[in-house]
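The values are calculated or read from the model by the stated rules, or taken from the named source; none is laboratory data. If you're wondering where the values come from, they're calculated on a predicted model, not measured in any experiment. Heads up, the Cβs are rebuilt from the backbone with ideal geometry, glycines too, and the neighbour counts pull from every protein chain shown. The area values use the complete protein model at the heavy-atom level, side chains included, leaving out ligands, DNA and RNA. Shrake-Rupley method; radii C 1.70, N 1.55, O 1.52, S 1.80 Å.
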Amino acid sequence: MRLKETAKKILVSAILVGLTIGTAAVAEDAVYPVFKLKLEEVDQLITSNNKDYQLLDLAVKKAAINEETATDNLEEMREQQDGASSALGNLITQQSQLEQQVRSLEIQLDNPELTAEERAALETQLAQAQQMLINFNLSYSSTIGTLQARLSGLSDTEKQLERGQEQAIRAQQSINDQKELQSAILENSVQSLYYAYLTLDEQIEVQQKNMLQLEDILEVEKIRYNNGLGTLNGIKHVELQLERGKMMLESLANEKITIEENIKLLTGIDADSKLEIEDIEDLWIYKIDLAIAIENATTVGLDVKLKEQDYLWKIDDLEYKKDEQKNKKEDSIEVRLAEIEVEEAKIKLQQAKDKARLNVEENYRKVEIAEKGYRLAQKALDLGKEDMKIAEARFNAGMLTSLELSQSRLDIMKIEQEFYQAKLDYMQALNAFKLAEKGVSASGY
């Protein structure tokens, strides 16, 4: 059955993000709380309850702590740098003051008009100042050298810590981008399951009506047989068709349970809850614009965004490594490798844009084909219903046997099945196109 195959395809995106699909048997006599799900609530449920999303959320928090630690280390180092710089400045100021005092006394001694007593006094002061300068240099020259070396080392450390801070911020941004991407994929997966659930609901309701009509046909055929107007073989044929209809109904019900359980799994809804999904009028109506979709996917699309961010980071890495090597005559191996990585990232960015454009175009064509299929299936269903009315009129007029009427009922059941499959195909094609417009490839990341 194509609907069953489609339902399986819907679940592939869930598998891609590390989810395990499961089913659950529900006891008929059990009473469970009812959870009424609306399509607009899907994103909120995913961000609040989905386990994979929660893991990424925790990873963001860890990255934030790492960034905070890197910032604290940088601030602490800068405080040490300020302290060392202040101490060095004080010592250099004292040294400069002593040197100025010595020069001032030497200048005064050059005055030829000094008396012998004045000269003797200045010479004594000069000798004392010179001795103080000698003592100061002996005491603090090593300290000044140590402080200068420490400041140089702290400067290098500052660069390293600044780089560490940048890396921590990058890691946090990268995980946030992954969260955004995974959220889009998960939301699209739930939406696909949501549409399939609603389609199955409609199909089950119609199939139940078909079963009632087949049961009526069977009762009529039995009456005809008892009155000598029918055959036992005719009764058996209708019973067989009724059994086939019951198997189809059971299959649809099982598919609905599977989809319901996976919606719960993806959204984090309590597994014991009974799910009720709100219907949406004109669910499949969605106006699409190919040019706008391509523009969105190739400029602000999530896949492109990730590659563009990586490209900018690679450029920043290159500039950092060039700055480290600016006093060297030749570029280091690290710089040459960084230049290659920039070119690689640039190519990957262009590849992402090309892939995003092709993905939108491919899904656009699928929407066109699915829409045609849906419209044709609608026409076929309308014609089938008219044929069924004619068959019932002919049966009531005695111009058609119960067996022929039941066969007409099976024919309309097949047409209805094809219609609901075409409808679901169209909705899924539209949903896939919307994901492509967000710049997410079908395979996710």
Inter-label distance, nm, simple model (7 Å from Cα along the C-beta direction), residue 309/residue 380: 4.6
Cβ-Cβ FRET estimate between residue 117 and residue 76, R0 fixed at 60 Å, reported to 0.05: 0.55
Net lengthening on full extension, residue 109/residue 176 (0.36 nm per residue, minus Cα-Cα): 16.7 nm
Largest-first ellipsoid semi-axes for segment 317-389, taking √(5λ) over the Cα gyration tensor eigenvalues, angstrom: 62, 7, 6
Rounded to whole Hz, the Karplus (6.51, -1.76, 1.60) HN-Hα couplings of segment 222-235, x for glycine and proline: 5, 4, 4, 5, 5, 9, x, 9, x, 10, 5, 5, x, 4
Members of 209/264; 287/353; 305/348; 256/389; 209/256 lying beyond 21 Å, as alpha-carbon distances in this model show: 209/264; 287/353; 256/389
Relative packing of 217-229, 302-314, 198-210, which averages over residues the other C-beta atoms within 10 Å, highest first: 302-314, 198-210, 217-229
Solvent-free Debye scattering, log10 I(q)/I(0), computed from the Cα coordinates of segment 207-274 at q = 0.13, 0.21 Å⁻¹: -0.53, -0.83
Karplus 3J(HN,Hα) series, Hz, for segment 361-372 with 6.51 cos²θ - 1.76 cosθ + 1.60 (x for Gly, Pro): 4, 5, 5, 5, 4, 5, 5, 4, 5, 5, 5, 4
Per-residue SASA entry for residue 240, accessible area with 1.4 Å probe, Å² rounded to 10: 80
Length-normalised contact order for segment 306-412 - Cα pairs under 8 Å, 6+ apart - percent: 22
Amide H within-cut-off set for residue 274, under 5 Å, with H built and near neighbours excluded: 34, 35
Mean separation of Cα contacts under 8 Å, 6 or more apart, over the residue count of segment 192-311: relative contact order %: 29
In sequence order, calculated HN-Hα J values of segment 404-411 (Karplus, 6.51, -1.76, 1.60; Hz; x Gly/Pro): 5, 5, 5, 5, 4, 5, 5, 5
Per residue, the convex hull volume that the Cα atoms of segment 292-434 enclose (Å³): 99
Amide hydrogen neighbours beyond the local backbone of residue 269, cut-off 5 Å, H modeled: none
Inter-centroid distance (Cα atoms) of segment 308-360 relative to segment 372-398, Å: 64
For segment 170-301, accessible area per residue (1.4 Å probe, heavy atoms of protein chains only), Å²: 49
Net charge of Cβ neighbours under 15 Å - reference residue 182; Lys, Arg +1; Asp, Glu -1: -3
Area accessible to solvent at residue 357, 1.4 Å probe radius, in Å²: 90
